[in-house]
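Below: the structure, in C-alpha cells.
Every read-out reported here was derived from the displayed coordinates using simple, explicitly stated rules and does not represent laboratory data. A quick note: this is a predicted structure, and the numbers were derived from the prediction, not measured.
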C-alpha cells in the first residue's frame, strides 16, 4: 500500500554523499555496465593513459566493479555482512592512482563495442575523493582554487582574461 513507511523504506536523515566510494553509490546503469562488459580490452588498448605506462586500465575498472558486486552478493547469500565487510570499491579494488591517471578523453567509451562507459565510474570515484576526502593531487588544488576565484583554471581575473587578444590585434 502506498504511503505506508517502515524502517526499511523511511527516508534517511543522513546527508547524501558526493561521488561514489562503493558500489551502492553508483547508478544501476553503472552496475549493469560492469556485468555487460565482455572483457574484450578495446577500452584499455585505446586509453592514452594506459598507452603511456600509467596504471589505469578501463577494463580493470569494470572488472573490479563487477568483482566487488560479486563479493557483496556472495557475502549476503552466505548470511555475511554484505556491504559492511570493511572493504570498499575505492581503495580495496580500485586505487586513487588509477582514477587520477585518467585524462577523461573518452577514448575508452568510443572504443567499446557494447557502448559501456567506464569513464562514468572513474569520475564518480574521483568526485568522491575530491569532495568528500579533499584528497585530490596537490597540483589540482591550485586549479580548483583558480576556478573558485577567477572562474577559470588560469590565474587571470575575469576582466584581464582577453588582454592577450587585444595585444595580438595591436601587432
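Descriptive notes on the structure:
- Cα centroid of region 101-116 to Cα centroid of region 34-58, whole Å: 8
- Applying 0.36 nm per residue to the separation of residue 165 and residue 145 and subtracting their alpha-carbon distance, the gain on full extension is 4.7 nm.
- The overall shape of region 23-135, judged from the alpha-carbon gyration tensor, is oblate: a/c is not under 1.5, and a/b is no greater than b/c.
- Relative contact order (%) - criterion: Cα under 8 Å, at least six apart; region: region 58-171: 18
- Here is how the number arises for the chain: DSSP H runs of 4 or more residues each give -39500 (n - 2.57), the sum is divided by the residue count, and the result at 222 nm is -14000 deg cm²/dmol.
- Its residue count N fixes a reference of 2.2 N^0.38 Å for region 34-99, and the Cα radius of gyration divided by that reference is 1.27.
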